[in-house]
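Everything below concerns the one structure shown next.
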Amino acid sequence: MLSRFPRAAGAATALAVCTASLADYHVDILPPVTTVSTDIYRLHWSILWVCVVIFCIVFGAMFWSIFKHRRSLGAKAAQFHENTVIEVIWTIVPFIILISMAYPATRTVLAMKDASNADITVKVTAYQWKWEYDYQQDGIKFLANLSTPRDQIDERNGPGAPKNENYLLEVDNPMVVPVGKKVRLLITSNDVIHGWYVPQLGINQYGIPGFIKDAWFTIDTPGVYRGQCSQICGKEHAYMPIVVIAKAPAEYAAWAADMKAKMPAPAPAAAAPAESATQTAAAGGAAAAPAEDPNKKWTLAELKARGEKAYANCVACHQPTGKGMPPAFPALDGSKVATGPKAAHIAIVLKGKPGTAMASFAHLSDTDLAALVTYERNAWGNKTGDAIQPAEIKAARK
Amino acid sequence: MSTVTRAHDHGHEHGHGEAHEHHGAPYGVTRWLYTTNHKDIGTLYLWFACTMFFIGGTMALAIRAELFKPGLQFLDPEFFNSLTTVHGLVMVFGAIMPAFVGFANWLVPMQIGAADMAFPRMNNWSFWLLIPAALLLMASFLVPGGAAGSGWTLYPPLVIQQGIAVDMTILAVHILGASSIMGSINIITTILNMRAPGMTLMRMPLFVWTWIITAYLLIAVMPVLAGAVTMLLTDRHFGTSFFSAAGGGDPTMFMHIFWFFGHPEVYIMILPAFGIVSQIIPAFARKPLFGYASMVYATASIAVLSFIVWGHHMFTVGMPAAGNLLFMYATMLIAVPTGVKVFNWIATMWRGEMTFETPMLFAVGFLCLFTIGGFSGLVLSIVPVDITLHNTYYVVAHFHYVLVSGALFAILGGIYFWLPKWSGKMYNESLGKLHFWLSMIGFNLTFFPQHFLGLAGMPRRVPDYALQFAEWNMWSSIGAFIFGLSQLIFLYNVIATIRGGARAEQKQWEGADSLEWTHLPSPAPYHTFEVAPVIK
């Protein structure tokens, strides 16, 4: 028999929910800002209404039966057990409803696939655990790392720092695009499968290593749109967000010029391969101040200071203390690699260690790599006194 | 055909069963190690499934404890990934599937009037294989690198990077697959060859139908999974590059092969549930199952259609539009036979004479909540909507609605329904109802909010999340603990019943009409139907 318990519990739960701020209880898809995401929003509401109507009919019949056709009310069981007409009806009617849903959905699928005639193209490369954006026509290329401080995240040794409003959804270098222009994305990955997912833009596309997939959007409203990696990619899967800022075209152009100026200068034409992964092949690039001269000689102190910042690329696994989390993530403090021959240390950072979680970091610049290897060899209890120069990294790449 | 299992009438005074009445059924550890008796093996499967369910459930509670608030409070992210992976593998391969095989072992021979399964020794081997497989999976936490952390779907290239635990998992999956394939061969042979005279295919209880169809699905797809994980193994250790573009391979190919197994797999996990519910509802409505023939055809159509929908797990891979569209249409189509079954169950209840003992509560709970899971599945089948919901918590909500309030509720209802037959004792009805209502509240509180989390864009398989997801996650975690702890009531009830419950009737449920209720006492004797009954 049905007890009163579930009704009371249901009421208590509803009351508790209502007394809390209802604004914090999001129940809908985030506001769409492209034609595709608007289609998605509307399709969802359509299918939801279909489900609600069917729900009411089906559950109405079910609950009517539960309440009326019970022995305790004196019901006596009928013995019918088939009816071909009604079975045919309740097979055909759902079939027709489904066709009515499939038609608008098909139109949207075809629209989503049409990335032709884009105004700008951005190559998106996923890494464990960050995104790289390469605007090949504009000569801009940069990495976007999570910028939420670790002390807001890690509460395992006591309460963390208070979390800021964009906790886990903020990056150091957002992707900026012009409003009203068709942006085509070419998405791939450097290592494992990741997913570029920004719900308000209606995009959720896997980056698959060795393959390039495309997607497109045209944002109609300036603003900041946030997303996350949508395919499990290892330990920092939750910590590689995406931030897309849509600006008026003039502001976008200003941003692009500004970013271009910060790009490292291309290597001299006759020289060996480009100095770092942030080089572009674009001819006639702006003559930037050579911030990353591969032949510059740095002092140990300069390298250590720069390396402490570049160590941000290593800290998630090897920890701020250098103690790592053995056995999966070895300690660097006192390790044979970090206190032994330089060449082995450089090799492992450049090539990674297959069969483990240690990926290749060859995509960082020679200077950053030189700095962080120097830092690791001279931090915590390590006192090798080695100062690795960018030129050594460049030579080791060959 | 079944002369081996019939009582001999030409010289021997006693059949095998009567011999036991002189010596008693076997006992001790060797009874369980060497048993070829379908009832014993059914019991072994069910207790194994129960143990794995609590282990997997503990992992789930650890996951929900970490997700109670934003931030990392207890767990390393890589250990969290291992928990989600092994929770999935344990629940799918260790809890749900063995539980249904346990039901099949207990019920199929009795419901068709056979004395035992066709291959009793292979039956024993099918069960005992599960133990080393489970041990391998549990031990994988202890090796360097920790357990696999890729999700139960084991996608490369991530899984190629990970440690030896992945190889242990691959071996466990092979063993589990072998067990399932052997069990399915046994079930099909038994059903096709050992039905009592008069028990035509279209007179079999629907539970038997759902199991023969499930067994064909298992035979078709477990080898595919075996192939997929073997390719993972060779990519990891033997220099192949099936899934590595650098060697000419493609990670997407793994997804196609895996989900070609994976989609029929989820129907493998629900069709026996449909069968159980199709036994319980007519019994408590005191009315025959509505549209028996359509139910058989609907189950068969679902099974056939299940082979052409696998791409709906991969809508964000970047398949050409034609691929996405065909998979969308086929997936929407599968809603039709599923809907037919729901309507038939309601029509069975309609103008019945219902009482709501615990098995019926679980069956009705199944009907309501599995339908909701079906709706979220329909939402996900629409490709553009799936693009915004893929790998979010909306998907997690969907599959837990169909697997927990679907498959698990059917299993729980089935245990309450058949425990009197199996043990001869009646369970405590008040505790059963308490278990049901706490499970309903706990389950819905855990998983309904997850629809909202997915709609709001929260990804799955994450130990930490942005602040706008905090409120629903908190409620979900509270619900998880209510749901998880209330399963202990069930465990207590089952054990207390077996040890000292009230005596059960032969036909404990007046509306039940399958052979185990009409022809066999409670508890069913160690050997039954040694002489096949004639079904009029």
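Since every read-out is calculated from the coordinates, none of them should be taken as a lab result. Fair warning: this is a prediction, and the values are worked out from it, not measured in the lab. In this analysis, Cβ positions are derived from the backbone assuming ideal geometry, glycine residues included, and neighbour counts consider all displayed protein chains.
Structural remarks
- For the range A:22-113: Kirkwood Rh in Å [reciprocal of mean 1/r, alpha carbons]: 17.1 Å
- Here the dipole of the range A:300-396 is about 180 debye; that uses its Cα centre as origin and unit charges on the Cβ of Lys and Arg (positive) and Asp and Glu (negative).
- For the range A:173-187, backbone nitrogen atoms closer than 18 Å to the point 7 Å from A:D258 Cα along Cα-to-C-beta are found at A:173-179.
- Residues of the range B:398-435 with amide N under 16 Å of a point placed 7 Å along Cα→Cβ from B:E505: B:417-422, B:424-427, B:429
- Note on B:Y27/B:K536: beta-carbon distance plugged into 1/(1 + (r/R0)^6) with R0 of 30 Å gives a FRET efficiency of 0.20.
- Degrees between helix B:271-285 axis and first principal axis of chain B (Cα, 0 to 90, nearest 10): 50 degrees
- Counting only Cβ charges, +1 for Lys and Arg and -1 for Asp and Glu, the dipole size of the range A:22-113 around its Cα centre is about 300 debye.
- Per-residue ³J(HN,Hα) for the range B:469-485, Karplus 6.51 cos²θ - 1.76 cosθ + 1.60, θ = phi - 60°, Hz, x for Gly and Pro: 9, 5, 5, 5, 5, 4, 5, 4, 5, 4, x, 4, 5, 4, 4, x, 5
- Sequence of B:S244, A:S65 once ranked by neighbouring C-beta atoms within 10 Å, starting from the fewest: B:S244, A:S65
- According to the Cα-based calculation, Rg over Rh for the protein assembly as shown is 1.01, with Rh computed by the Kirkwood formula.
- Calculated [θ] (222 nm, deg cm²/dmol) that DSSP helices of n ≥ 4 give over chain A, each run adding -39,500 (n - 2.57): -11500 deg cm²/dmol
- Cα gyration tensor shape of the range B:213-275, rounded if a/c is under 1.5, else prolate or oblate by comparing a/b with b/c: prolate
- What separates the Cα centres of the range B:296-346 and the range B:77-111 is a distance of 23 Å.
- Principal semi-axes of the equivalent ellipsoid, √(5λ) from the alpha carbon gyration tensor of the range B:356-418, are 28, 10, 6 Å from largest down.
- For A:D151 and B:M474, the FRET efficiency from 1/(1 + (r/R0)^6), where r spans their Cβ atoms and R0 equals 22 Å, is about 0.45.
- Computed over the range A:300-396, the P(r) tail beyond 22 angstrom holds 15 percent of alpha carbon pairs.
- Counting every alpha-carbon pair across chain B, the share separated by more than 42 Å comes to 18%.
- Approximating the spin labels as points 7 Å out from Cα along Cα→Cβ, the B:D76-to-A:T35 distance works out to 5.0 nm.
- The share of alpha-carbon pairs in chain A lying farther apart than 25 Å comes to 68%.
- Hull volume in cubic angstrom per residue (convex hull over the Cα atoms of the range B:38-264): 130 Å³
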